[in-house]
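One structure below.
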Amino acid sequence: MSGIIMQGLSNDMAGLGRFNNHPDPATDFCIQVEKLTARLFDAQHGLSKPGTAPEDVTDVLRGIETAMEFVVGGDLSAVEAKAILRDLEAEATAHIAARNGGGR
């Protein structure tokens, strides 16, 4: 690649948001919520890439808790994503409780 393209890629990478998905913080958060949604589904159903162990729901819950610290501000998409994230947190917590015998 040319030096100009490499510099542009380097600048873009340096400017990524908190979750390293996108430079715009609200978009970065929304992408993270989508990723956490997929991770939780995979963990709940024991899905993983071939040759890898499925992720535990507890690990996904830690990621959800980290994302919950994000302050969404006035971006409507981020506000909606925060509501989804709250649902994911409740779902993950219920799954863990049921797995540990507390969901009866």
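No lab work stands behind these numbers, since they all come straight from the coordinates. Only a predicted model underlies this, so the values are computations on that prediction, with no experimental measurement involved. Methodologically, a virtual Cβ is constructed for each residue, glycine included, from the backbone with ideal geometry; neighbour enumeration extends over all protein chains shown.
Observations on the model:
- Highest average first, the peptides 26-36, 82-92 ordered by how many other beta carbon atoms sit within 10 Å of their residues are 26-36, 82-92.
- Computed from label points 7 Å out along Cα-Cβ, the spacing between Asp75 and Lys35 is 1.4 nm.
- Top positive-direction residue, dipole computed over the range 36-99 with Cβ charges, set Pro54, Ala81, Ala94: Pro54
- The Cβ shell under 10 Å around Gly63 holds other residues with a net charge of 0, Lys and Arg each +1, Asp and Glu each -1.
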